[in-house]
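Q: Have a look at this one before I ask anything.
The values are calculated or read from the model by the stated rules, or taken from the named source; none is laboratory data. Owing to the predicted nature of the structure, the values given are computational and were not obtained by experimental measurement. For neighbour counting, all protein chains shown are included, and Cβ atoms are generated from backbone atoms with ideal geometry for every residue, glycine included. With ligands, DNA and RNA removed, areas are computed over all heavy atoms of the protein, side chains included. Shrake-Rupley method; radii C 1.70, N 1.55, O 1.52, S 1.80 Å.
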Amino acid sequence: VDWQPCGNFTDIFLDKSKNGIARIAINRPSKRNAFRPQTVLELCTAFANVRDDKNIGVVLFTGVGPAADGGYAFCSGGDQGVRGDGGYMDEEGVPRLNVLDLQRIIRSMPKVVIALVAGYAIGGGQVLHLLCDLSLASDNAIFGQTGPKVGSFDGGFGAGYLTRVVGQRKAREIWFLCRRYSSEEALRMGLINAIVPLHELEAEGVKWAKEILKNSPTAIRCLKAAFNAETDGLAGIQELAGHATHMFYRTEESKEGRNAFLEKRSPDYSEFDWLP
Ligand code: 2NE
């Protein structure tokens, strides 16, 4: 892939290709790609950049690896080294949980986000992989929660959406016992879409992305919002409705309303049918 580096980041990489794919990678391998507030801020910036780029339809979200000690990770959650009282401390000493903003951006952006999980997806990193639309894992991937061990939890998407994906029994097991699960176990419980040999992970992600990119962008964006609407209440319906409005604005019927207002006349909708 003809990756072109974009932006000026310290904790992540953002690359784009000319064929509609972007790659966002957490670049803190020595910390198993744990995120600090700066990491999350950069991820939010990168995802927002990709969301606004009409040439990009699919994002591959991954972690840089291996680390110097040979260890691989997608993400090991919040950096416990900067965890203060009330959140993860940023450079100004403000306690933050800004990963929740990132979760919402990934979930609501009208593009397909594919997690490429090589190594650990643990804690808040497991939640990030869960929120991606699709997840491909290498054969060395390991999934799990540590929240109750380290005095934390994610009771939002981390518990609720996990339950939708793996069911009540398994979700409670994952959070209450804090065990680690192999990629085979993750596949069996529906946490991931496929297992791929480690060194083929990115190539497989690109293959899935290319297949998606052959399809209708509008159908995909509406489907993503529809899947979200099933679980996200009014916020999910808002997304889907927003796409409907977006499409309606492009019709002659909608334009007639706008034009009539601007021309200071009554709108004439007589040529538009009341279809069944
Ligand atoms: C990820 C895991 C299982 C990897 O184990 P291993 O044995 O492969 O590596 P090791 O030696 O533990 O880690 C390598 C280096 O990365 C650092 C370690 O401290 C170590 O550093 P050095 O000792 O070499 O200096 N590291 C790894 N994860 C880190 C982390 N999260 N924060 C800071 N440094 C980290 C193993 O490392 C592990 O279990 N990590 C901790 C996972 C964890 O508890 N994450 C936080 C969960 S809470 C959360 O993410 C969260 C939430 O629940 C709600 C909202 C927001 C966030």
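Q: Is there any pair linking a residue in the range 104-121 that is among the aromatic types (Phe, Trp, Tyr) to one that is in a loop (DSSP other than H, G, I, E, B), with Cβ under 6 Å and at least six apart or on different chains, and which?
A: Tyr120/Arg32; Tyr120/Ser76
Q: Tell me yes or no: at least one residue of the range 214-225 is modelled with pLDDT under 95, of a type in the set (Val, Ile, Thr) and assigned to a helix (DSSP H, G or I).
A: no
Q: In this structure, is Asp154 in a loop (DSSP other than H, G, I, E, B) and either in contact with a Cys (Cβ under 6 Å, 6 or more places away or on another chain) or within 16 Å of the ligand (Cβ to nearest atom) (or both)? Even if it seems obvious, please write down each step before you answer.
A: Details: in a loop (DSSP other than H, G, I, E, B): yes; either in contact with a Cys (Cβ under 6 Å, 6 or more places away or on another chain) or within 16 Å of the ligand (Cβ to nearest atom) (or both): yes.
Yes; evaluated as a whole, the condition is true for this residue.
Q: Pairs needed: first member in the range 221-233, more than 21 Å from Ile56 (Cα to Cα); second member anywhere, open to solvent by 40 Å² or more (accessible area, probe 1.4 Å); C-beta distance under 7 Å; at least 6 residues apart or different chains.
A: Matching pairs, first to second residue: Ala229/Ile237; Ala229/Leu240; Thr231/Tyr161; Thr231/Arg164.
Q: Hey, another quick one. With Gly156, Gly167 as the choices, which residue is under 21 Å from the mean Cα position of the chain (by Cα) and open to solvent by less than 30 Å² (accessible area, probe 1.4 Å)? Full working, then the answer.
A: On the way: Gly156 fails: open to solvent by less than 30 Å² (accessible area, probe 1.4 Å).
Sole residue among the options that is under 21 Å from the mean Cα position of the chain (by Cα) and open to solvent by less than 30 Å² (accessible area, probe 1.4 Å): Gly167.
Q: Can I ask one more? Residues of the range 91-122 being open to solvent by less than 30 Å² (accessible area, probe 1.4 Å) and over 25 Å from Ala235 (Cα atoms), which ones?
A: Those that are open to solvent by less than 30 Å² (accessible area, probe 1.4 Å) and over 25 Å from Ala235 (Cα atoms): Leu116, Val117, Ala118, Gly119, Ala121, Ile122.
Q: Please enumerate the residues belonging to the range 23-45 that are polar (S, T, N, Q) and part of a loop (DSSP other than H, G, I, E, B). First the steps, then the outcome.
A: In the first step, residues of the range 23-45 are kept if they are polar (S, T, N, Q); the result is 27, 30, 33, 38-39, 45.
Across the range 23-45, the qualifying residues are Asn27, Asn33.
Q: Mind checking which residues of the range 46-62 are without any contact (Cβ under 8 Å) to a residue 60 or more places away in the chain, touching a Gly at 6+ places or on another chain (Cβ under 9 Å), buried (at least 16 other Cβ atoms within 10 Å of the Cβ) and not in a helix (DSSP H, G or I)?
A: Ile56, the sole residue that qualifies.
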